[in-house]
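Heads up: the structure comes next, in structure tokens.
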Amino acid sequence: MKYDFTAIEAKWQKRWLEQSLYKAETGGEKEKFYALIEFPFPSGVGLHVGHARPYTAMDVIARKKRMEGYNVLFPMGYDAFGLPTENYAIKNHIHPRTVTERNVGTFRSQLQALGYSFDWDREVNTTDPSFFKWTQWIFLQMFKRGLAYKAKMPVNWCTSCKCVLANEEVVEGVCERCGSPVVRKERSQWMLGITKYADRLIDDLEGLDYPERVKTQQINWIGRSYGAQVRFGTTLGDDITVFTTRPDTLFGATYMVLSPEHALVQQWMPHLENADEIKAYQALAAAKSDMERTELSKEKTGVCLKGVMGINPVNGKEIPIFISDYVLATYGTGAIMAVPAHDTRDWEFAKKFGLPIVEVIAGGDVEQAAFTDVTTGTLVNSGFLDGMSVAQAKKAIVAWLEEKGIGEAKKNFKLRDWVFSRQRYWGEPIPVVHCEKCGTVALPESELPLLLPDVESYELTDDGESPLASITDWVNTTCPCCGGPARRETDTMPQWAGSSWYYLRYMDPHNDQALASPEALKYWSPVDWYNGGMEHTTLHLLYSRFWHKFLYDLGVVPTKEPYAKRTSHGMILGEGGIKMSKSRGNVINPTDVIREFGADTMRTYIMFIGDFEKPASWASNSVKGCKRFLDKVWSLAESVEDRETQYSKANENMMHKTIRKVSSDIEQLKANTALAQLMTLVNQMGEKGCNRAELKTLLQLLSPFAPHMADELWEQKGFEGICSVSAWPAYDEAKCKDAELTIAVQINGKTKGTVQAPADLEREALAQLVQADERIQKAIARVGTNVVKTIVVPNKLVNLIVK
RNA sequence: GCCGUUGUGGUGGAAUAGGUAGACACCCGUGACUUAAAAUCACGUUCCUUCGGGAGUACCGGUUCGAGUCCGGUCAGCGGCACCA
């Protein structure tokens, strides 16, 4: 019979679905295994090969775990709120819900065409009211505990999306999504207090099975640093509080810098001699976009505040105060003490403005460059700190500051609170109302979900208001508190909201009493293995860890951390290692590959392509190689006619070795070498034959990669049940051993040849066997006469040192 | 600049713990089958070679009987952060 993959794949996909073959049951005897992949945003272009790599990898793992007897939860859903859908809807005058439904339909059928073993009864969609009811519920819990709050502050404003962005969404000063410039705007926004969890988000990483680079990237993003907060007096009476990680250099502080936005600047304005100059500088700084700030980072600028001086608390010296945009309003206190001798930025600024540079740590040449080494120097010109090391001086000065009441030890973070509101239509409505009498009031939980109003138009407004603001029927409501007139919040949540907790919903997706039942949460938590992209390390991964910890504090979830293990896949690039993009025309559509070669070939190739964690480039030629391999398996299977139940002598050793290698390689995400081993096995079977017992094992080992073919051949050959839910084959360690081995022979460390030897030969015997070999003797003679030393690695190698 | 990461044939990539570098594929070449092509099968395929061998895992050096693997330095690519005091 011909290998008609189109018919076979359709047949089995239908059967798996009808039988709910991969359904996960909450509870039971089996050990649970929760395998998770990042759910896709259902875009209009459909699934691309970038999805297929992580999805196939986790499907292989889920399938193998299932065959090993685990109760596997492997779910899928759609992260369907978001700007691209809304923009498409606006452009084409369709409702975003319609667009979403259509795109989800495409994605679902593409996912099914790839033969993934999802439990389709647990599918979720973030735009489904029964789902976002609970997104809103979690928000309300945060609001009630002061973790969601409204604040007027400078925010990132995307000039094209006409919408605010979280810090995490700004990449190199432009919008992460559309690449348009981002500017700063003063706006009242909903914020989530992620900084309250900063310490725990760092500390709880310990013990998690995450790649080291993911951990360090999160740690760096959160940016915890230890130092001191110090109050400097001024000649106008008000104190300036600064944060510094180098309190040991306090004696070297020769001037101060405030950020242009600092409140004291406004307050002092009437007393300042150069107010016009200062205002001009403030205006200039405010007009700069983030990108411009970055670009202009080389040359320091600033203005001295004339009419006020700071007072260094350690020596009482009066020092000038500047404003400069190299000091950020949003970090620390928005003000610094400048120590030009030991800070590169301060040094540059001091050189430009001719300010004194006072060395307080000996060890460098502070006229040439700032000396920033904290490990070697000794304190000088620093009164009671003189002679101490940096570490000693830090302790001593902090103790001194605390004693005098002018400063204290302090810890700071780069992480900012999460700007959580978006001025767009296609997102979860924020479930609060604004009442003149009662202020901002939470909607009662009984009124959830708060649905989006169905409207004709959700065009953007130019004044930066959400499209919802113009829908007066919906906006005007009554206050749940006093019954008086009130207005609904018109901003919606960002796309990251639904994905911050979706993995919990999979555990119990149809529950209408809670986001998931306590039993289901207890049974399935935590996610055992979560694979996703590196690009989500400081976005989704950080956000969802934060929400999870909040839910843990509420007593909703039973674990501190959502994901026990995290892995990351490399990107799939186009032919020749170039990024796939529409404009280059090198985008590979999985559907085309499936049509031409079949899903099993697509799956096998995407797993064979290379190291899973590294980027890999698509090679159409190599796809053919994988098709050839599956064709070989097909014809090999067809040729098997016997009724053997034992492995043949010729193949036994190879069978056991293959089971061992495939089993462990899958577990380590090394599907490429697992497949290489299977290819080697099939090549050997081509020579030495394949009996029924061997075929059975081969199909089982192949099943995670090419499940359609495995199930089909299994059925055709009359094996019992269904291959993809049969019991994973076992191997015998003893039978993995070779009877005879190839021993490498080196002379003076260089490999000169090989010798066949029985396994487990004694060192002495092996050395003698090697030296008895004629070719080896010749090789020895070429180098010298005497074997002065022999190094033997049993079963591996003999190295002869010849003089 | 800082943090992380990677450099292996014409290509994708293999090589637990230092122990035969190039598994498994792709491409290419030769042959078989065919009227022919495709497909399939067989053989070859790191480079140099006076056919004895020699060189070789980005580059320079070190440790070792032995280094793709460990250590020091240099160069290049990729990802992240980017005035975080």
Seminar exercise, completed: For the stretch A:258-271 the number of residues that are in contact with a strand residue (DSSP E or B) (Cβ under 8 Å, 6 or more places away or on another chain) and surrounded by fewer than 19 Cβ atoms within 10 Å (Cβ to Cβ) is 1
Exercise. Which one of these does A:Thr244 not meet: (1) touching a residue at least 12 places away in the same chain (Cβ under 8 Å); (2) more than 18 Å from A:Tyr331 (Cα to Cα)?
Worked result: (2)
Seminar exercise, completed: Counting only residues in the stretch A:636-655 that are within 14 Å of A:Gln684 (Cα to Cα) and out of contact with any Leu (no Cβ under 9 Å at 6 or more places or on another chain), the one surrounded by the fewest Cβ atoms within 10 Å (Cβ to Cβ) is identified as A:Lys649
Seminar exercise, completed: Here the residues within the stretch A:665-683 that are open to solvent by less than 50 Å² (accessible area, probe 1.4 Å) and either of a type in the set (Lys, Arg) or over 20 Å from A:Asp631 (Cα atoms) (or both) are A:Asp665, A:Ile666, A:Leu669
For this session: Mind counting the residues in the stretch A:523-546 that are out of contact with any Gly (no Cβ under 9 Å at 6 or more places or on another chain), within 16 Å of A:Tyr506 (Cα to Cα) and either outside any strand (DSSP E or B) or among the small types (Gly, Ala, Ser) (or both)?
Result: 5
For this session: State whether one or more residues within the stretch A:546-569 are in contact with a strand residue (DSSP E or B) (Cβ under 8 Å, 6 or more places away or on another chain) and among the acidic types (Asp, Glu).
Result: no
For this session: Take A:Phe132 and decide whether it is more than 16 Å from RNA strand B (Cβ to nearest atom) and open to solvent by less than 10 Å² (accessible area, probe 1.4 Å).
Result: yes
Exercise. If we only count strands (runs of 3 or more DSSP E) wholly inside the stretch A:66-171, which ones have 1 or more residues that are hydroxyl-bearing (Ser, Thr, Tyr)?
Worked result: A:148-158
Problem set entry | Pairs where the first residue, in the stretch A:16-37, is over 19 Å from A:His510 (Cα atoms) and among the β-branched types (Val, Ile, Thr) and the second is open to solvent by less than 40 Å² (accessible area, probe 1.4 Å) and in a helix (DSSP H, G or I), C-beta under 9 Å, 6+ apart | A:Ile37/A:His51; A:Ile37/A:Pro54; A:Ile37/A:Tyr55; A:Ile37/A:Ala57; A:Ile37/A:Met58; A:Ile37/A:Asp59
Exercise. When the stretch A:709-752 is examined, which residues are found to be at pLDDT 95 or above and within 9 Å of RNA strand B (Cβ to nearest atom)?
Worked result: none
For this session: For A:Ile743, work out the one condition from (1) without any contact (Cβ under 8 Å) to a residue 60 or more places away in the chain; (2) loosely packed, with under 13 Cβ neighbours inside 10 Å; (3) within 47 Å of the chain's Cα centre (by Cα); (4) on the phi < 0 side of the Ramachandran plot it doesn't fulfil.
Result: (2)
Seminar exercise, completed: Taking the stretch A:539-578 and keeping only residues that are closer than 25 Å to A:Ala35 by Cα, touching a Ser or Thr at 6+ places or on another chain (Cβ under 7 Å) and surrounded by fewer than 16 Cβ atoms within 10 Å (Cβ to Cβ), one is left with A:Pro558
For this session: Would you point out which residue out of A:Thr372, A:Thr376 is within 14 Å of RNA strand B (Cβ to nearest atom), of a type in the set (Ser, Thr, Tyr) and not in a strand (DSSP E or B)?
Result: A:Thr372
Exercise. When the residues of the stretch A:302-318 are filtered to those that are within 15 Å of RNA strand B (Cβ to nearest atom) and touching a Ser or Thr at 6+ places or on another chain (Cβ under 6 Å), which remaining residue is modelled with the highest pLDDT?
Worked result: A:Gly310
For this session: Would you confirm whether any residue within the stretch A:335-342 is of a type outside the set (S, T, N, Q) and open to solvent by 60 Å² or more (accessible area, probe 1.4 Å)?
Result: no
Exercise. For the stretch A:476-516, how many residues meet the condition of being assigned to a loop (DSSP other than H, G, I, E, B) and surrounded by fewer than 20 Cβ atoms within 10 Å (Cβ to Cβ)?
Worked result: 11
Exercise. Exactly one of (1) farther than 30 Å from A:Thr492 by Cβ; (2) open to solvent by 60 Å² or more (accessible area, probe 1.4 Å); (3) in contact (Cβ under 8 Å) with a residue 40 or more places away in the chain is unmet by A:Thr376. Its number?
Worked result: (3)
For this session: Could you give me the residue pairs with C-beta distances under 6 Å whose first residue belongs to the stretch A:612-629 and is near RNA strand B (Cβ under 8 Å from one of its atoms), whose second residue is open to solvent by 80 Å² or more (accessible area, probe 1.4 Å) wherever it lies, and which are 6+ apart or on separate chains?
Result: A:Pro615/A:Met571
Seminar exercise, completed: Checked the stretch A:579-611 for anything free of Cβ contacts under 8 Å to residues at least 24 places away in the same chain, within 11 Å of RNA strand B (Cβ to nearest atom) and surrounded by fewer than 19 Cβ atoms within 10 Å (Cβ to Cβ); matches are A:Lys579
Problem set entry | Sole residue being touching a Ser or Thr at 6+ places or on another chain (Cβ under 7 Å) and open to solvent by 40 Å² or more (accessible area, probe 1.4 Å), chosen from A:Thr195, A:Thr245 | A:Thr245
For this session: Write out, first by first residue and then by second, each pair whose Cβ atoms fall under 8 Å of each other, whose residues are 6+ apart or on separate chains, and whose first residue, in the stretch A:75-95, is open to solvent by 10 Å² or more (accessible area, probe 1.4 Å) while the second is aliphatic (A, V, I, L, M) and not in a helix (DSSP H, G or I).
Result: A:Tyr88/A:Ile94; A:Ile90/A:Leu460
Seminar exercise, completed: Checked A:Gly46, A:Gly28 against criteria (under 28 Å from the mean Cα position of the chain (by Cα), over 30 Å from A:Gln716 (Cα atoms) and not aliphatic (A, V, I, L, M)); the one match is A:Gly46
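The values are calculated or read from the model by the stated rules, or taken from the named source; none is laboratory data. Just so you know, these numbers come straight off a predicted model, no measurement behind them. Quick reminder, even Gly has a Cβ in these numbers, built from the backbone with ideal geometry, and neighbours come from all protein chains shown. For accessibility, only protein heavy atoms count, side chains too; no ligands or nucleic acids. Shrake-Rupley method; radii C 1.70, N 1.55, O 1.52, S 1.80 Å.
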